[in-house]
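One structure is given below, encoded as structure tokens.
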Amino acid sequence: MDHPHITATAVEKLKRAAKSYRNTSGCPLATALDLVAAQAGYSNWKRVTELAAKPPVPGSHMLLPARHRHLLTWVITKGGLWHKQVHTVSELCAALGGATPVFIRQACEIATRETPCFCQLDPFATAMLAGVAVDIGDKYDSWNYLFDANAPAREYPAWKKRVVVGLGTSDHYPNEQLTTRKNDDRSDTLNPNNSAHKATINNRSSQMNPNNTRYPGPRSD
């Protein structure tokens with residue numbers, strides 16, 4: 001079986017195994033590399049180097065590219081006027097008043113339990129649960145994510161959230177239920193919890209009200 005991709009960490013492990021085999025068997029390193037590659041499921045060592053040079057194919061096990069070290073995250077703290085860059089998820093959440101981070105993938109190769117990587121972070125769900133706004137940077141911005149603790153959380157179109165977290169438009173976004181707000185705004189007369197709701201839906205000036213003689217829909221006798 002020939003795998004579609006191999007990580008830099010896996011390549012280093014294979015190299016160490018090949019050197020160990022060379023030292024014990026006395027064979028040339030090139031021979032040991034080919035043998036170790038074949039045992040790992042690759043046709044030869046050349047194939048390993050070819051796959052290592054390719055970007056990873058997105059899939060359920062890798063929602064974001066492995067080369068994510070360029071991700072820049074900035075935050076405006078509560079009452080602050082200037083935004084500053086943060087370098088760890090823990091630092092970000094502390095700046096947001098102790099917010100709990102929401103992750104969209106398992107730990108990457110440079111993450112630890114104490115310092116999880118930004119590539120794991122779900123910016124939309126984290127911002128929504130923290131009650132703060134998040135801006136997704138474009139080519140003119142100096143950030144990828146800018147969290148603003150002085151502005152309320154807001155929703156983004158589902159397709160945009162999926163694309164930003166690296167899923168594409170047709171795939172399932174695992175944290176989507178955390179990035180929507182239920183409508184319990186009691187100042188909204190379309191909310192059934194508003195005392196004016198009943199009067200609103202019985203507004204006879206509305207042609208969508210069955211009690212209006214100009215109602216275009218079906219009538220029940």
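Bear in mind that the values in this text are calculations on the coordinates, not laboratory data. On a predicted model such as this, the values are computed, not experimentally measured, just so you know. Cβ atoms come from the backbone with ideal geometry, glycine included; neighbour counts cover every protein chain shown.
Annotations for the structure displayed:
- Scalar couplings 3J(HN,Hα) for the stretch 147-154, obtained by applying the Karplus form with A = 6.51, B = -1.76, C = 1.60 to θ = phi - 60°, are 8, 10, 6, 8, 10, x, 4, 9 Hz; x denotes Gly and Pro.
- Remark: the stretch 139-146, residue by residue, has Karplus-estimated 3J(HN,Hα) of 5, 8, 9, 9, 9, 8, 10, 10 Hz, where x stands for each Gly or Pro and the curve is 6.51 cos²θ - 1.76 cosθ + 1.60 at θ = phi - 60°.
- Convex hull volume of the stretch 8-52 per residue (C-alpha atoms, cubic angstrom): 53 Å³
- Mean separation of Cα contacts under 8 Å (6+ apart) over length of the stretch 76-168, as relative contact order %: 26 percent
- Take every DSSP beta bridge whose two residues both sit in the stretch 73-178; close to 65 percent of them are antiparallel.
- Amide N of the stretch 91-113 lying under 15 Å from the label point, which is placed 7 angstrom from the Cα of residue 8 along Cα→Cβ: 108-111
- Largest to smallest principal axis extent of the C-alpha atoms in the stretch 73-178, angstrom: 38, 31, 27
- Residues listed by number, the stretch 122-142, amide nitrogen under 11 Å from residue 181 label point at 7 Å toward C-beta: 128-129, 131-133
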